[in-house]
Amino acid sequence: MRPSVLKLAGWLAITPLIISCASSPPVAAPPPAASSVAAPPVAAAGTAVPPAAATVPAKPVVAPDYIIGPGDTLQVFVWRNPELTVQVPVRPDGKISTPLVEDMVAVGKTAPQLSRDMEAVLGEYVRSPKVNIIVTTAASAFSLVKVVGQVAHPQALPYREGMTVLDAVLEVGGLGQFASGNRARIVRMENGKETIIKVKLADLVNSGDTHQNIPLKAGDVLVVPQSIF
């Protein structure tokens, strides 16, 4: 048989096989194996839930010499003892209760004073305890700044760290029409004694005299008298 005839016979033999392969549907790749590592949980907002953070003291909202009163909220942080670290309210009876310390009087003390008192009690159960107490919410009467007299809206304001006379005046709507701003005064109780601090509010508000922008303390009373005609 001639070579050309043999070549043609070979092509005719493999042609059906080529056509069959071309018309067959592609074989789907097998699905990837499931990972043995679980995906991190996802929060409602679509972000991964972060791991639990170590307990750290909160930022204080009052000065260190602030006197604790009923209604305040305290964070009690015991160093290296997270099971003893809690956030507690000061009860109407002026006491707080935490793990291992029950019915401790908190009212009338500063946060550092209360910390030392708690360390003395915890020392019976914990070796060399270190306690840090922070007022996270100041809601007692001791935490208020009262603005009275000739202002737009006389009221008691919640005290906050860094609060000044100008802050208080702006929050009550400014001076009244008949206010004698330069005769204003701050009445402050310190160590059981009343202290009077004079402040020229008119110069502060109208002339921008920042020397009159005196820092306030919790419990201060800002008195703005009426003009004398």
Between TYR125 and ASN182, the two model label points (7 Å from Cα along the beta-carbon direction) sit apart by a distance in nm of 6.1 nm
In whole angstrom, the spacing between the Cα centers of region 79-120 and region 189-229 equals 34 Å
Dividing the surface of the Cα convex hull of region 136-229 by four yields a projected area in nm² of 6.3 nm²
With x for Gly and Pro, the residue-by-residue ³J(HN,Hα) of region 148-159, computed from phi through the Karplus equation 6.51 cos²θ - 1.76 cosθ + 1.60 at θ = phi - 60° and given in whole Hz, is 10, x, 8, 10, 4, 9, x, 6, 9, 10, x, 6
Zone reached by a paramagnetic label modelled 7 Å from GLN226 Cα along Cα→Cβ, restricted to region 141-174 with backbone N below 13 Å, covers 149-151
Residues whose built amide H sits under 5 Å from the amide H of THR137, excluding neighbours closer than 5 in sequence, are THR73
Sequence order, region 164-170: Karplus ³J(HN,Hα) from phi using 6.51 cos²θ - 1.76 cosθ + 1.60, θ = phi - 60°, Hz rounded, Gly and Pro as x, gives 10, 4, 5, 4, 5, 5, 5
For ILE196, the accessible surface traced by a 1.4 Å probe with all protein chains present amounts, in square angstrom to the nearest 10, to 90 Å²
For region 113-195 the GluC sites (Glu not before Pro) that pass both the DSSP coil test and the at-most-12 other-Cβ-within-10 Å test are GLU124
Residue-normalised value, i.e. accessible area per residue, for region 165-229 at 1.4 Å probe, in Å², stands at 59 Å²
Here the gain from full extension of ALA156 to ILE214, 0.36 nm per residue of separation minus their alpha-carbon distance, amounts to 19.1 nm
In this structure, among LYS95/LYS200; LYS130/LYS217; LYS109/LYS198; LYS95/LYS146, pairs with alpha-carbon gaps over 30 Å are LYS95/LYS200
So, with points 7 Å from each Cα along the Cβ direction, the SER207-LYS146 label distance in nm works out to 3.1 nm
Per residue, accessible area of region 72-126 with a 1.4 Å probe, heavy atoms of protein chains only, in Å², comes to 52 Å²
The ³J(HN,Hα) series, computed from each phi in region 62-68 with the Karplus coefficients 6.51, -1.76 and 1.60 at θ = phi - 60°, rounded to the nearest Hz and given as x for glycine or proline, is 9, 6, x, 8, 5, 8, 5
Of every hundred units of 1.4 Å-probe accessible area on region 177-222, the number belonging to carbon and sulfur atoms, as a percent, is 47 percent
Which residues qualify? For GLN226, with a placed amide H closer than 5 Å and at least 5 residues away or on another chain, they are SER180
Once Lys and Arg are counted +1 and Asp and Glu -1 for all other residues with Cβ under 10 Å from that of LYS217, the total becomes -2
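The values are calculated or read from the model by the stated rules, or taken from the named source; none is laboratory data. Everything quoted here is computed from the prediction, not taken from an experiment. Using ideal geometry, Cβ is built from the backbone for each residue, glycine included, and neighbour counts are taken over all protein chains shown. For accessibility, only protein heavy atoms count, side chains too; no ligands or nucleic acids. Shrake-Rupley method; radii C 1.70, N 1.55, O 1.52, S 1.80 Å.
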